[in-house]
């Protein structure tokens, strides 16, 4: 066997100069045949290798050896291979001389693995019943090494424990909201979330933990800004001020931090750095600002290192590269490096500095974090963002839809434990994990609680009216909340609320102005049937997609008077719109970015191509579902299962002022209005970016203002779903 021949040449050096440490838990000594077979196909855990050292060599593993054998196991060596290697080592040979009788061999395993002499019955069983039946000595090592008695003896000692408090993707959602939860046996509405509650919860947990003598880190995993009128009007000033009320130990950049270009990000970070008592490190290891970018002037760091009780922990920032480059607006010469390669390079650099406890603060999506963990070695914790993932299986009991456990445990490339956490979105949850490391820098435990931030204002619907709970009903709900660690009644922090109110007062008069009345709920959706809406069922959007995206497309076509067709990326439209009054504030929340309307003269062939590009980017694993295209004046049948370039068929065009739909002419020239973001070729719309300047006119109409004008001037304030025949997606075939 090739791997065993290779071992022979390496054993003398490997076992004497390399080592191992703590971590995973191997199968019990009484494991079933199925479990044993499965274990042979997977890398050994840290604990398995550590116990081999103790069982065979009678000593603890050392750092270099543990690292070495984990790499060998990750490369395909099995438990049997490592057992053979340990027995063939010079260290074993020096200890046992010419060899051991069966009784001596078993006695040695008892002494080294279990720390006690062999009892007569045990010695008789292993020597006579097992080895006497022809079983090789080396074949019984695993039974001792993986026995519960051995595991208890080799339980790793905790060298450092750290509590990490974290949020992500608050997106300028600063005010409280409401949520429906199944509590005490009935659907119950409650006011929740809001950044003043986040501030209060951070302070509560930090004070409790520090009073108990525990270590605390406070982390934000990106996308602090854009998404509401607070950003549209104040460009991150209020977000930064509230973030400084917490004073994060690290803030990793997200893709939306670049929505107003490098200069816009620099302005936001200037607000963040304006408090002399709070200088939060801004992390982005895989972001390389261009020479002309204002970010080159010391705004970003690849990592930051903190010391807790003499032990150093490094935090590394990773932003989602392709999505940021193509779905946001960084400067053209700002580079975004590969996430996995950058993470490993940072870990290697930190380990060369003697730092073996590494937290990646990623804005990279939950599924990508899971994949990333398995492609690198040396990462211990990943605090993530971007996918707005709710973790915590316990939330299912309240009618929510968690995507995995909180925290989620996995392993890195060599089988070492990795702890992954994310805290949903929009100032709704404060995540809290407690992680412990052993002396070799391996995670020995990781557990935690995602705290959903509630008020004590509980209501239920009675005869169509929301009625405040009282008496026994209120007591039952309060008891249910009190019994659930993941539910927290939090009074908003007074200083943070006062600060937020000062900004709210500045915009109240304008945002309260009603511009229209919406006759029915307008569903938000990206890819048809994706399930992004908070108002509508998946079935409502499965065939034709989002109502509000379609309405926005209609608005842009109407307000760009020269245009024949409008194209809008789904992700540029941010919220559902419920039936009722439509205000300016709602309009700016629907369209919160600083975009303008741009006209491009394009051939039918170019239009077909750019739509296919957007559709493909929406389906790509490293793309964004927000790229899915919506249009006015153009419609098609969409098939996600078809080949790229052939997913849109039966395309039809409707001229302005006409009620007729005619076949789309690929050879004709049309004027297309879109937002300046995708007009620059972003979000996968590459062909837009290739149109020469002579065919492009920026109208300088703010796109939110264009939508407001459409509602007030074109619709007369009466807002409803567009006619079904006007939806750009006539039919949709999803991926299986």
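The values are calculated or read from the model by the stated rules, or taken from the named source; none is laboratory data. This is a predicted model, so every value here is computed, not measured. Neighbour counts are summed over all protein chains in view; Cβ atoms, including those assigned to glycine, are modelled from backbone coordinates with ideal geometry.
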**Condition check for residue 384: surrounded by 22 or more Cβ atoms within 10 Å (Cβ to Cβ) and out of contact with any helix residue (DSSP H, G or I) (no Cβ under 9 Å at 6 or more places or on another chain)** = no
**Message:** Going by what's in this entry, would residue 658 be described as free of Cβ contacts under 8 Å to residues at least 40 places away in the same chain, part of a loop (DSSP other than H, G, I, E, B) and within 21 Å of residue 722 (Cα to Cα)?
**Reply:** yes
**Asked** Counting residues that are in contact with a strand residue (DSSP E or B) (Cβ under 9 Å, 6 or more places away or on another chain), in contact (Cβ under 8 Å) with a residue 60 or more places away in the chain and farther than 17 Å from residue 283 by Cα, which strands (runs of 3 or more DSSP E) fully inside the stretch 340-416 reach at least 1?
**Response** 408-411
**Residue among 662, 610 that alone is surrounded by fewer than 17 Cβ atoms within 10 Å (Cβ to Cβ) and within 23 Å of residue 732 (Cα to Cα)** = 662
**Request:** Would you be able to say whether some residue in the stretch 647-655 is modelled with pLDDT under 95 and surrounded by fewer than 16 Cβ atoms within 10 Å (Cβ to Cβ)?
**Result:** no
**Request:** Check whether at least one residue in the stretch 18-40 is closer than 27 Å to residue 376 by Cβ and at pLDDT 50 or above, and report yes or no.
**Result:** yes
**Request:** Would you be able to say whether some residue in the stretch 672-690 is assigned to a helix (DSSP H, G or I), assigned by the TED database to the domain that holds residue 549 and farther than 16 Å from residue 328 by Cα?
**Result:** yes
**Message:** Whether any residue in the stretch 222-231 is surrounded by fewer than 16 Cβ atoms within 10 Å (Cβ to Cβ) and over 30 Å from residue 60 (Cβ atoms) is what I want to check.
**Reply:** no
**Request:** Considering only the stretch 423-485, give the strands (runs of 3 or more DSSP E) lying wholly within it that have at least 2 residues that are modelled with pLDDT under 95.
**Result:** 443-462, 465-468
**Request:** Name the one entry in 262, 270, 333, 275 that is more than 26 Å from residue 387 (Cβ to Cβ) and part of a helix (DSSP H, G or I).
**Result:** 270
**Request:** Quick one: which strands (runs of 3 or more DSSP E) lie wholly within the stretch 486-577 and hold at least 3 residues that are at pLDDT 95 or above and not assigned by the TED database to the domain that holds residue 198?
**Result:** 514-518, 565-569
**Prompt:** Which ones in the stretch 694-716 are closer than 23 Å to residue 627 by Cα and without any contact (Cβ under 8 Å) to a residue 60 or more places away in the chain?
**Reply:** 705
**Complete:** Out of (1) in contact (Cβ under 8 Å) with a residue 12 or more places away in the chain; (2) more than 19 Å from residue 528 (Cβ to Cβ), the one residue 634 does not meet is (2)
**Fill in**
In the stretch 701-736, anything part of a strand (DSSP E or B) and more than 35 Å from the chain's Cα centre (by Cα) is listed as 718, 719
**Asked** Considering the stretch 561-599 alone, what residues qualify as being surrounded by 23 or more Cβ atoms within 10 Å (Cβ to Cβ), out of contact with any helix residue (DSSP H, G or I) (no Cβ under 6 Å at 6 or more places or on another chain) and over 19 Å from residue 228 (Cβ atoms)?
**Response** 564, 565, 567
**Message:** If I filter the stretch 86-95 for residues that are part of a loop (DSSP other than H, G, I, E, B), crowded, with 16+ Cβ neighbours inside 10 Å and either touching a helix residue (DSSP H, G or I) at 6+ places or on another chain (Cβ under 7 Å) or at pLDDT below 60 (or both), do I get at least one hit?
**Reply:** yes
**Complete:** For the stretch 696-725 the number of residues that are more than 24 Å from residue 588 (Cβ to Cβ) and either at pLDDT 95 or above or not assigned by the TED database to the domain that holds residue 583 (or both) is 3
**Request:** For the stretch 301-328, enumerate the residues that are surrounded by fewer than 23 Cβ atoms within 10 Å (Cβ to Cβ) and either outside any strand (DSSP E or B) or over 21 Å from the mean Cα position of the chain (by Cα) (or both).
**Result:** 302, 305, 306, 307, 308, 309, 310, 311, 312, 321, 322, 325
